[in-house]
Amino acid sequence: MFGFDRVYPQRGRFTVFLSVAFCVVFTSSCIIPSGPTDEGPAFHLQVSVRDRNNNAVAGLRVSAWNLIRLPGLSKARGRAESGVLSTATLGYALPVQSSVQLLLSELNGTVLDTLVEGEYPAGIYRVALSVHLNAGCRVLKCTLRAGVFRDSLYAVLWQPDPASSVLGYTSSMGIVVATDPLSFPNVFDLPAMVFTSNEGPEALGTFTIPASVAICLVDTAADLSQTYRVDIHRGENDVTLPWNAPQPLSRGVSVDYPVLTKRIYSDSTTIVVPKTYALYQSYPNPFN
């Protein structure tokens, strides 16, 4: 066994670990998204908050996330609300030495980070990443270019946690406005997403990003909160919510995020060279 580590300074909100293990073989569950690459659909959300006397309530923190349903929901939800940093892992295979580029992008085509770029020998690789975004739900596109091979897939960041999905604070008029459709990926025309566990890229089923959204109102000074379920769609969304029965707020665990690092190692004792190029589904999916 031989190896080497390279540590790079922080250059964004992503933590990336790249490894190649020639003795590890993944099972493919690759998909080829045909999703949007433009600016996204027209979208406008206005949340108005009123008290029992129909007066505007100012200074409340407003958070929102899509209510995804998938197998083992309580386990996935617990990971997010515990505040434990979880990473997603991507796998890809090179049958020959190739020039490789692995990009992480928003649904509108904006590149967030270049996860891998350079010349790599034949082998099966894994890339672990952590995305530091204030987002309740975000669908990210991973695109692999290796030689003449091209493929892509969707990785879903899901954080059903008021502290991780803040839209803003209500104004003196009791209003918060959101205009970024990327924060509500259900407004895009997306296919079903591949559901995977923490264990590997094997598909365990599929899930969709529903229109049902949790909107959580929080009085951060008094530690009180009130949560509603509403449907959000593309176009205009005007939502009025009452602040009339807030409950004590359950606090999550804060997380210290590490700097960007990249580690590369190889096993020279057992070499398994893949026969074809491949991009394997991220796991777990969704991740948080």
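The values are calculated or read from the model by the stated rules, or taken from the named source; none is laboratory data. Here the structure is a predicted model, which is why all the values come from computation and not from measurement. Every residue, glycine among them, receives a Cβ derived from its backbone with ideal geometry; neighbour counts consider all protein chains shown.
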If Ser130 satisfies every condition in (1) at pLDDT 95 or above; (2) more than 25 Å from Asp189 (Cβ to Cβ); (3) surrounded by 16 or more Cβ atoms within 10 Å (Cβ to Cβ) but one, which is the exception?
-> (1)
For segment 249-279, the count of residues that are outside any loop (DSSP other than H, G, I, E, B) and either among the acidic types (Asp, Glu) or modelled with pLDDT of 85 or more (or both) equals 2
Filtering segment 160-180 down to residues that are loosely packed, with under 15 Cβ neighbours inside 10 Å and either outside any loop (DSSP other than H, G, I, E, B) or modelled with pLDDT under 90 (or both) yields Gly168, Tyr169, Val177
How many of the residues in segment 102-115 are crowded, with 21+ Cβ neighbours inside 10 Å and farther than 15 Å from Ala88 by Cα?
-> 1
Would you point out the residue of segment 134-152, among those that are buried (at least 17 other Cβ atoms within 10 Å of the Cβ) and not in a strand (DSSP E or B), that is modelled with the highest pLDDT?
-> Gly136
Mind listing whichever residues of segment 228-241 are part of a strand (DSSP E or B) and closer than 14 Å to Gln46 by Cα?
-> Val230, Asp231, Gly235, Glu236, Asn237, Asp238, Val239, Thr240, Leu241
Within the group Ser197, Ser282, Ser183, which residue is under 24 Å from Asn66 (Cβ atoms) and at pLDDT below 90?
-> Ser197
Scan of segment 181-207 for residues that are in a loop (DSSP other than H, G, I, E, B) and without any contact (Cβ under 8 Å) to a residue 24 or more places away in the chain, ordered by number = Ala192
Examine segment 212-234 for a residue that is free of Cβ contacts under 8 Å to residues at least 60 places away in the same chain and in contact with a Ser or Thr (Cβ under 8 Å, 6 or more places away or on another chain), and state whether such a residue exists.
-> yes
Pick from segment 181-205 the residues that are touching a Phe, Trp or Tyr at 6+ places or on another chain (Cβ under 8 Å) and within 30 Å of Thr220 (Cβ to Cβ): which of them is surrounded by the most Cβ atoms within 10 Å (Cβ to Cβ)?
-> Phe184
Subset of segment 114-133, residues touching a Ser or Thr at 6+ places or on another chain (Cβ under 9 Å) and assigned to a strand (DSSP E or B), comes to Glu117, Gly118, Glu119, Tyr120, Gly123, Tyr125, Arg126, Val127, Ala128, Leu129, Ser130, Val131
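Search segment 92-123 for residues being β-branched (Val, Ile, Thr) and either more than 15 Å from Leu279 (Cα to Cα) or in contact with a Gly (Cβ under 7 Å, 6 or more places away or on another chain) (or both), and hand back the single one that is modelled with the highest pLDDT.
This residue is Val100.
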